Structure formats: C-alpha cells, structure tokens
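Let me begin by presenting the structure, written as structure tokens, before commenting on it.
Throughout, read-outs are computed from the coordinates displayed, never taken from laboratory work. These numbers come from a predicted model, not from an experiment. Cβ: placed from backbone, ideal geometry, glycine included. Neighbour counts: every protein chain shown.
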Amino acid sequence: MTLSAHKFGGPPGVGALLLKRGTALRPLILGGHQQHGRRPGTESVALAVGMATALEVAVRTLADESARVELLRQHLLERLRTDAAPVFVNGPDEPARRVPHVLNISFPGCVSQELVIALDVAGMACSARRGVRERLPATVAGVAAMGYADERVRSALRLSFGPDTTMDDIDAAAERIVATLRKLRATHFASSGPPRTR
C-alpha cells in the first residue's frame, strides 16, 4: 500500500510504502543502499516528520472531520437536486456507505469532460478521472462498472471536500455548477433533446 502525505494534510513530495513481510521488491532506480537497497538517495527528514505529524493529526481528528465534510457533501447534493435536476448520485443509496469527503454525481444532458473544463474556467476544480495519471475518465471504469446507463456514465463528475472547505465554498460551488449546467444543457438540448431522467 502506498500513501501520499498531501492526501491527509502533509507536505507534498513525500509518502510511505507498506509491504507485507517477505514481499520481494526490486528497486526502480539503482545507486545507494538506503532502505535496505530498495532506493538510492538520502531521505528528507523534514518531509518525513511533516508526514508523520500530519498523519497523527488526521487520525486524531478523523471522526469530527468526517462528520463535518459529510454535512458539506449533503448540503451540496441538496442544492444541486433543487437547482440542477436531474442529478443522480453514483454509488450506494445510503450516505453512511459512501466516503464522506467525495461526491460522485451524474448530470444527464452534459458530458463530464466538457463540464470539468467549463467549471475550471469558472474557477472551480473537479474531476472526471480517478487520479492525475489515469487516461480514461473514471466514469468508464468506475461508474460504468456499476451498471448505469451510458448517459449517466458520460455525465459523471467527482467532487471532493477537504479540511479547508467551508459552507461558503459549497454555496459558491453550487452556484457555479448550476450556472454552468444551464449553459451546457441548453447547448445539448438544442442538438439532442432533453436529458433523460433515468
């Protein structure tokens, strides 16, 4: 298992690798003999301490932070259901079965990549991919694997919330998403008819 420190509030550029005892691991880069010959080079003590401290804080505040971001997620979802219907949550129906800091949602009548670009222009970061190195949209491998219809797959978007996200941020995001959806749906509606609601 690999961990990236910046995912839990630590400094970028440092991470951890957990290996099962006895796992054979060949180095990708040869040189020194640090970490039992698994990698060359001297580790940054400052980054390692920063990661350890961030992990300690993240674990200590996990329950409170999970509850806080879950409220943000639910508030955004309610705003979008009210002002941007039709919208569909991808994943389990019960909120308790979803991770609290991520909302994967489909907006029929839009294409996710167009929505990502339009929201970026509007000053909002979101994703239709699983990770920064993933070439195919997450919708192809993730939402499609859930058995949803093609239109729902093509219009899926992933929104995430962090420790710095506030309720004001959520309200501003909702307004930008709604305004952007209206423009994109008007374009798609003119060429292909209204979005389906299933």
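Taking amide H as placed 1.01 Å from N in the peptide plane, Ala156 has its amide H under 5 Å from the amide H of Phe107, Ser112, each at least 5 places away in sequence or on another chain.
For Met51, what charge total do you get from the other residues with a beta carbon under 13 Å from its beta carbon, if Lys and Arg give +1 and Asp and Glu give -1? So the surrounding residues net to -1.
If R0 is taken as 41 Å, the Cβ-Cβ distance between Asp168 and Gln34 corresponds to a FRET efficiency of 0.35. Ratio of Rg to Rh for the stretch 81-129: 0.98 [Cα atoms; Kirkwood radius as inverse mean 1/r over pairs]. Hydrodynamic analysis of the stretch 2-60 uses the Kirkwood radius over alpha carbon pairs. Inserted into Stokes-Einstein at 25 °C and 0.890 mPa s, it gives a translational diffusion coefficient of 193 µm²/s.
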